[in-house]
Amino acid sequence: MPHPQSTAGPVTVFVCMTCRHADDAAEAQPRAGARLAATLTSLEGVEVREVECLANCKRGPSVAMARPGGWSYVFGNLAPTDGAAVMEGAQLLARSADGLMPWRGRPEPLKRGLIARIPPLPGASA
Ligand code: FES
């Protein structure tokens with residue numbers, strides 16, 4: 001189901017709705033991932049999709065983002081309040097000429113929370 005604030009665009013942000021935060025009680029609701037998703041604002045060129053589990057559970061809340069022909073990124077250890085940083089990073093990736101999210105200007109949560117980056121599929125163009 002599409003995120004209620006999504007817009008079509010070249011970058012897709014996948015936000016894990018089922019992540020917990022280390023400071024949360026086990027039964028805390030809504031979960032930290034859902035609280036993070038609620039802070040993701042609408043931006044032109046960025047589509048937000050809610051998913052269940054990015055296999056980064058011990059380092060959640062977790063977000064992944066991808067762009068056709070560009071690199072894909074997985075971020076973790078985010079805070080439920082990091083929505084603006086996530087969307088800023090998505091915009092950096094959307095505007096990148098080489099398909100990489102630049103380090104310079106990248107929001108701090110996406111620097112310290114970088115889990116992995118994955119190169120574009122062979123043959124894919126940006
Ligand atoms: S529950 Fe969020 S990555 Fe697994």
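Per the 1.4 Å probe, what fraction of the accessible area of the chain, in percent, lies on carbon and sulfur atoms? It would help to have the intermediate numbers written out before the result.
Numbers: 3760 of 6760 Å².
Taking all protein chains in place, the chain shows 56 percent carbon and sulfur surface.
Pairs of alpha carbons in the chain separated by more than 22 Å make up 28% of all such pairs.
DSSP assigns beta bridges within the chain; of those with both partners inside it, close to 70 percent run antiparallel. Solvent-accessible area per residue in region 11-118 equals 49 Å², computed with a 1.4 angstrom probe and all protein chains kept.
The values are calculated or read from the model by the stated rules, or taken from the named source; none is laboratory data. Fair warning: this is a prediction, and the values are worked out from it, not measured in the lab. Side chains are part of the model used for accessible areas, which takes the heavy atoms of the whole protein and leaves out ligands, DNA and RNA. Shrake-Rupley method; radii C 1.70, N 1.55, O 1.52, S 1.80 Å.
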